[in-house]
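Visitor: Right, I'll just put the structure down here and ask away after.
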Amino acid sequence: MPSFGEPWPECNDGIYYRDVLSPSDEGSTLIEYYRRKYKHSAPLHGWLQRINNKQVTIDGCIVVNPNTILRGGAELVYHRLPWKEPDAPYLLEILYEDNDMIALNKPSGLQVLPGGLFQQRTVLTQLQRHAGSLTTSGSQEPHPVPVHRLGRGTSGILLCAKTKLAKSCLAAFFADGTSVLGER
């Protein structure tokens, strides 16, 4: 069976968290905003360190003063620095493929979608990297996405759509099939 996948980089790209400030945020300081909105993400010291490390921008400009006064409508971006994600398999075996979908043999230990510590070591990342070599129906742009999910510790067949239209159709088939089974 053919397979695809690229080895994982040592570290991921980090994550960018974007917020557009509401009018009610106007007049708050940067540190007040983060302490209020993300109080469970980090203590005060953690947010101060992130600001001092130049990990926060307002409208594209790096901000290092935690007492900067905010204005409504501004875009605030916090860049969580890259980290080494836990080990995960990267090769995906192709079980079936046509112009609309691809069925993969997902190995145990590989997460399907980003979440938690796994932001790039996912099936979705490998599909997106592989998108350039995908053949799709008509003139549709490749937009590969899983149609359902399997837990990280689960191995098995994972059905993925190759385009937005295929995703909509396959998702409808799954929904219809589930509703029919539920009525019996």
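The values are calculated or read from the model by the stated rules, or taken from the named source; none is laboratory data. Predicted model only: the values in this text are computed from it and were never measured. We place every Cβ from the backbone using ideal geometry, glycine too, and count neighbours over all the protein chains shown. Calculation scope for accessible area: heavy atoms of the full protein, side chains included, ligands and nucleic acids excluded. Shrake-Rupley method; radii C 1.70, N 1.55, O 1.52, S 1.80 Å.
Visitor: Roll a 1.4 Å probe over the protein chains and send me the accessible area per residue for region 1-145 in Å².
Guide: 55 Å²
Visitor: Then there's this: With the crude spin-label approximation of a point 7 Å out along Cα→Cβ, what separation in nm comes out for Val20 versus Ala175?
Guide: Distance between label points: 2.6 nm.
Visitor: Hey, another quick one. Give me the orientation-averaged projected area of the Cα convex hull of region 48-131, in nm², one decimal.
Guide: Hull-based average projected area comes out at 8.4 nm².
Visitor: Let me ask you something else. R0 = 30 Å: FRET efficiency of His148 with Gln49, Cβ-based, nearest 0.05?
Guide: 0.15
Visitor: From the backbone phi of region 15-25, what are the Karplus-calculated ³J(HN,Hα) couplings (6.51 cos²θ - 1.76 cosθ + 1.60, θ = phi - 60°) in whole Hz, Gly and Pro given as x?
Guide: For region 15-25, the Karplus curve yields 10, 9, 9, 10, 9, 9, 6, 7, x, 5, 7 Hz.
Visitor: Right, here's the next one. At 0.36 nm per residue, and after removing the present C-alpha to C-alpha distance, how many nm does the segment from Val77 to Asn65 gain when stretched out fully?
Guide: 2.9 nm
Visitor: Place a +1 charge on the Cβ of each Lys and Arg in region 48-92 and a -1 charge on the Cβ of each Asp and Glu, then give the dipole magnitude about the Cα centre in debye, rounded to the nearest 20.
Guide: About 160 debye.
Visitor: For the chain, take the longest principal axis of its alpha carbons; what is the angle in degrees between that and the long axis of helix 164-183, to the nearest 10 within 0 to 90?
Guide: The answer is roughly 70 degrees.
Visitor: Using a 1.4 Å probe over the heavy atoms of the protein chains, calculate the carbon and sulfur portion of the accessible area of the chain as a whole percent.
Guide: In the chain, the share of accessible area belonging to carbon and sulfur is 55 percent.
Visitor: What three numbers, in Å, describe the spread of the alpha carbons of region 62-184 along their principal axes, ordered from the longest?
Guide: 59, 38, 34
Visitor: I need the phi-derived Karplus couplings for region 34-50: 6.51 cos²θ - 1.76 cosθ + 1.60, θ = phi - 60°, integer Hz, Gly and Pro marked x.
Guide: Once θ is set to phi - 60°, the couplings for region 34-50 become 5, 5, 6, 6, 10, 4, 8, 7, 6, x, 3, 4, x, 5, 4, 5, 5 Hz.
Visitor: Separate question: May I ask you to list the lysines whose Cα is less than 27 Å away from that of Lys84, ignoring any residue fewer than eight positions away on the same chain?
Guide: Lys37, Lys39, Lys54, Lys106
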